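*Asks:* Handing you a structure now.
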Amino acid sequence: MYQLNLKNPLVVFDLETTGTSISNDRIVEMAFIKIMPDQSIEEKCRKINPTIPIPDETSKIHGIYDDDVKEEPTFKQVAKSLSDWLEGCDFAGFNVIHFDLPMLMEEFLRADVEFDIDKRKIVDAQKIFHLMEKRNLTAAYKFYCDKDLENAHSALADTKATFDVLVSQIERYEGREVKDSLGKKLGQIENDMSSIDRLSQNIMVDLGGRMIFKEGIEVFNFGKHKGKPVAEVLKMEPSFYDWMMKGDFPLDTKRKLTQIKLKDFGG
């Protein structure tokens, strides 16, 4: 097996959680593999009582239900020993930068346990994947159409290539079911623009994704009010509307926010 050249222990880890909100959700299971510089390996894996209910739709993804964790320790109970075990280690994972590490950090902060990563190296296998296996139009054209894109970044050449890619995608995936990152069914690929439009836009209220639909209700998708209904926030904190309208947000976001305000509160 290929050996990693390590100066510090490297901990590869993955978390299962109650959801995808760093601030609101909690860890229900965590697995760590620590690779030492001499290539010896230690493993830790255990379930955690999140102290909040696990949504049924999330349990269907990772198979962990409330009854499975009710007798398990809370993160706070294991935080100190885990922090000690991770001392001096670098970290790796898949999408670890945007999810697993922030979630782990949030749990340590809630437990009032010191967990400093400022001097740690962080390796994200997803980022390497995206860097090495390009996800641009040239790569899509080669993958779907098996052709090299000549005159890339010429508007007409890019437009023709995009059309060919779209046709190939529909032909390849027609009838295939589409799911989001939590395994929720979004629909299926059909040779119908209305169907594909619903999949493409999916839950976005504005094109910037600052607001999304959750169970048919517009909710904020960023900042301190993430996950909260837009109308509720505007009612309880009217100044938030003014802050967004004066802030560096896309005009489309401001337009959609104003539409929600007018719909719920009138002029």
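*Asks:* Please give the number of the condition residue 228 fails out of (1) modelled with pLDDT of 90 or more; (2) over 25 Å from residue 262 (Cβ atoms); (3) of a type outside the set (S, T, N, Q).
*Replies:* Looking at each condition in turn, residue 228 falls short on (2).
*Asks:* Next question. Scan the stretch 9-26 and tell me whether some residue there is over 25 Å from the mean Cα position of the chain (by Cα), outside any helix (DSSP H, G or I), modelled with pLDDT under 95 and of a type outside the set (Lys, Arg).
*Replies:* Yes; the residues of the stretch 9-26 include at least one that is over 25 Å from the mean Cα position of the chain (by Cα), outside any helix (DSSP H, G or I), modelled with pLDDT under 95 and of a type outside the set (Lys, Arg).
*Asks:* Here's a follow-up. Just to be sure I understand, how many residues within the stretch 180-199 are outside any helix (DSSP H, G or I), at pLDDT below 85 and at negative phi?
*Replies:* Of the residues in the stretch 180-199, 7 are outside any helix (DSSP H, G or I), at pLDDT below 85 and at negative phi.
*Asks:* If you don't mind, another one. Could you run through the stretch 121-143 and say how many residues are surrounded by 15 or more Cβ atoms within 10 Å (Cβ to Cβ) and not in a helix (DSSP H, G or I)?
*Replies:* 2
*Asks:* Checking the structure you have, find out if any residue of the stretch 175-191 is assigned by TED's automatic domain parsing to the domain that holds residue 18, loosely packed, with under 14 Cβ neighbours inside 10 Å, within 28 Å of residue 51 (Cα to Cα) and in contact (Cβ under 8 Å) with a residue 12 or more places away in the chain.
*Replies:* Looking through the stretch 175-191, none of the residues is assigned by TED's automatic domain parsing to the domain that holds residue 18, loosely packed, with under 14 Cβ neighbours inside 10 Å, within 28 Å of residue 51 (Cα to Cα) and in contact (Cβ under 8 Å) with a residue 12 or more places away in the chain.
*Asks:* List the pairs whose first member sits in the stretch 95-116 and is of a type in the set (Gly, Ala, Ser), whose second member is surrounded by 14 or more Cβ atoms within 10 Å (Cβ to Cβ) and at pLDDT 90 or above, and whose Cβ atoms are under 7 Å apart, counting only residues at least 6 apart or on separate chains?
*Replies:* Partner pairs satisfying both residue conditions: 111/75; 111/76; 111/79.
For every residue, the table says whether it meets (1) under 23 Å from residue 116 (Cα atoms); (2) of a type outside the set (Phe, Trp, Tyr); (3) touching a residue at least 40 places away in the same chain (Cβ under 8 Å).
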| residue | (1), (2), (3) |
| --- | --- |
| 5 | no, yes, no |
| 18 | no, yes, yes |
| 21 | yes, yes, yes |
| 26 | yes, yes, yes |
| 48 | yes, yes, no |
| 66 | no, yes, no |
| 70 | no, yes, no |
| 78 | yes, yes, no |
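*Asks:* Continuing with this model, one more query. Just checking: which of the helices (runs of 4 or more DSSP H) contained wholly in the stretch 200-267 hold 2 or more residues that are free of Cβ contacts under 8 Å to residues at least 24 places away in the same chain and surrounded by 14 or more Cβ atoms within 10 Å (Cβ to Cβ)?
*Replies:* Helices (runs of 4 or more DSSP H) meeting the threshold: 230-236, 239-246.
*Asks:* Report the residue count in the stretch 150-179 for those that are in contact with a Lys or Arg (Cβ under 9 Å, 6 or more places away or on another chain), assigned to a helix (DSSP H, G or I) and of a type outside the set (D, E, K, R).
*Replies:* Going through the stretch 150-179 one residue at a time, the tally reaches 1.
*Asks:* Now for a separate question. Could you tell me which residue of the stretch 241-267 is farthest from residue 204 (Cα to Cα), considering only residues that are of a type in the set (Lys, Arg) and at pLDDT 90 or above?
*Replies:* 246
*Asks:* For the stretch 45-71, what are the residues that are outside any helix (DSSP H, G or I) and surrounded by fewer than 16 Cβ atoms within 10 Å (Cβ to Cβ)?
*Replies:* Correct list: 45, 46, 51, 52, 53, 55, 63, 65, 70, 71.
The values are calculated or read from the model by the stated rules, or taken from the named source; none is laboratory data. The structure presented is a predicted model; accordingly, all values stated were derived computationally and were not measured. So basically every Cβ, Gly included, is an ideal-geometry build from the backbone, and we count neighbours across all protein chains shown.
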